[in-house]
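Contents: one structure, followed by commentary.
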Amino acid sequence: MSTIETSNLTKRFGDLTAVDGVDLDVAAGEVLCLLGPSGCGKTTTLRMIAGLENATDGDVHIAGRRVNDLSPAERDIAMVFQFYALYPSLTVAENLAFPLHAEKMTKAEIDARVAVVAGKLALGDVLHRLPNHLAEGEKQRVAVARSIVRDPNCFLFDEPLSRLDVELRMAMRGQIKEILSELSKATVIVTHDQLEALTMADRIAVMRDGRIEQIATPHDIFAHPKNVFVAGFIGTPQMNLLEGQLLRQNGQASFALAGQEVSLELHDAHDRLHAGESYTVGIRPRGLEPLSEAAPGSLAATVDLVEPMGAETLLHLQADDQDIRVVVDRHRVVREGERLHLGLAADKLHLFGQNGGRIEL
Ligand code: ATP
């Protein structure tokens, strides 16, 4: 079975702990995206799985076998990098056939395998071309084709689409996902692009400072971020995270938010909330609704900037020095300087405690 497991995987460079006790378990056929800000340890994690970097601590298992002491070649993995190194003097067909020469296959077998993979990645018409005569998207497809032609144990991708323009990226995300889903291999993709992760991954591992903050499906990460960091990192425009104090709860919870008292219906969370304590109230920009007048669950804020985004408009507002982002339909006319009452629906709220951890509502 093509699987990847890491346990307590750790890498230290001198005093710096780049990867700190990472546990991953990628099933056959599953695509796991490592997502996180620059420098959080994604590439180092991938390189330790590939065998390009030795682990300081912890284990890597590929297809059930401990591979810590095996070379990259012995691990039988395929890697696709941001810089796809195609052989410039070989045609596409020869580039695709190259990894197969070591496999002692006949020419007919190699040709057949190349034809199948070229068909999968729509490269049939460019097999005779040299890489320099290909469009960027085609080069990237050749790199992916070359990685799958050999039928390796598993796939590792490092920012595979970052060199492509926006339109091509969107097309390639779908194509790669479709191809991977046919192959039943464990795949790890490193990316800092959350849209890439949300569209390609079966599960996402969000990393920060060498550690995994949350591993879950794209839906769960978005709907139930485990802490303030994940909540602020996933979703565009970014979730509003307002610091507030719980004033009292008698049927409703009343928070002091941005210098105002806001009452919210949080009946189910009674036993987990304590008056006098500070909380972070999270609400996505599409979860705030401008109302025609003030209401108990509304927050007044002044429009600072109106940013058209096509079908929607992004409003930047200020309330007591806190920035608030709201997305409204483009037909809604809002002017800079206008005072809005924003409705905070309790079912759209995310609540986090003082340690940053999520409180289920
Ligand atoms: P990016 O998205 O920018 O590539 P990343 O999440 O992939 O970031 P890594 O490249 O894994 O992060 O780096 C993690 C940390 O380890 C960073 O602080 C980086 O500077 C450091 N690092 C990586 N490789 C080395 C090395 N060979 N020697 C020393 N420090 C390193």
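The values are calculated or read from the model by the stated rules, or taken from the named source; none is laboratory data. Values in this document were obtained by computation on a predicted structure and should not be read as measured data. Because the Cβ atoms are built from the backbone with ideal geometry, glycine has one as well, and the counts that use them run over all protein chains shown. For accessibility, only protein heavy atoms count, side chains too; no ligands or nucleic acids. Shrake-Rupley method; radii C 1.70, N 1.55, O 1.52, S 1.80 Å.
If you add up the charges near Ser181, with Lys and Arg at +1 and Asp and Glu at -1, over every other residue whose beta carbon is less than 13 angstrom from its beta carbon, what do you get?
0
Percent of accessible area on segment 129-245 owned by carbon and sulfur, 1.4 Å probe?
48
Determine which lysines satisfy two conditions relative to Lys42: a Cα distance under 25 Å, and not lying fewer than 8 residues away in the same chain.
The qualifying lysines are Lys11, Lys139, Lys177, Lys185, Lys226.
Among Leu246, Val327, Leu342, which residue has its Cα furthest toward the positive end of the charge dipole of segment 240-359, with +1 on Lys/Arg Cβ and -1 on Asp/Glu Cβ?
Val327
Rg and Dmax of segment 243-318, using alpha carbons, in Å: what are they?
Cα only, segment 243-318: 14.4, 43 Å (Rg, Dmax).
Can you give me the accessible area per residue for the chain, using a 1.4 Å probe, in Å²?
That works out to 47 Å² per residue.
Using Cα pairs closer than 8 Å and at least 6 residues apart in sequence, work out the relative contact order for segment 183-255, in percent.
16
Counting only protein heavy atoms and a 1.4 Å probe, tell me what percentage of segment 280-361's accessible area is made up of carbon and sulfur.
Here it works out to 45 percent.
Could you pull out every one of the aspartates and glutamates with an alpha carbon less than 14 Å from that of Lys107, ignoring same-chain neighbours closer than 8 positions?
Glu94
Only Cα pairs under 8 Å and at least 6 apart count here; give the relative contact order of the chain as a rounded whole percent.
Reported as a whole number, the value is 16 percent.
For segment 76-186, calculate the relative contact order in percent as a whole number, restricting contacts to Cα pairs under 8 Å that are 6 or more residues apart.
42
Hey, got the dipole for segment 240-359? About the Cα centre, +1 on K and R Cβ, -1 on D and E Cβ, debye to the nearest 20?
With only Lys, Arg, Asp and Glu charged at Cβ, the dipole is about 220 debye.
If you project the alpha carbons of segment 122-202 onto their three principal axes, what span does each projection cover, largest first, in Å?
Projected onto its principal axes, the Cα set of segment 122-202 covers 35, 29, 17 Å.
Taking the alpha-carbon centroid of each part, what is the distance from segment 184-263 to segment 162-178 in angstrom?
If you average the Cα positions of each part, the centres end up 25 Å apart.
Could you work out the Rg to Rh ratio of the chain, with Rh taken as the Kirkwood radius (inverse of the mean 1/r over all Cα pairs)?
1.07
Once label points are set 7 Å from the Cα along Cα→Cβ at both Ala85 and Leu52, what is their separation, rounded to one decimal in nm?
Each label point is offset 7 Å from its Cα along the Cβ direction, giving 0.9 nm.
Taking the Cα-to-Cβ direction at His270 and at Asp320 and moving 7 Å from each Cα, how far apart do the two end points lie in nm?
Calculated label separation equals 2.6 nm.
For Lys107 and Ala345, calculate 0.36 nm times their separation in residues minus their Cα-Cα distance, and state this gained length in nm to one decimal.
79.2 nm
How far apart, in nm, are two points set 7 Å out from the Cα along the Cα-to-Cβ line at Asp23 and at Leu291?
Each label point is offset 7 Å from its Cα along the Cβ direction, giving 4.4 nm.
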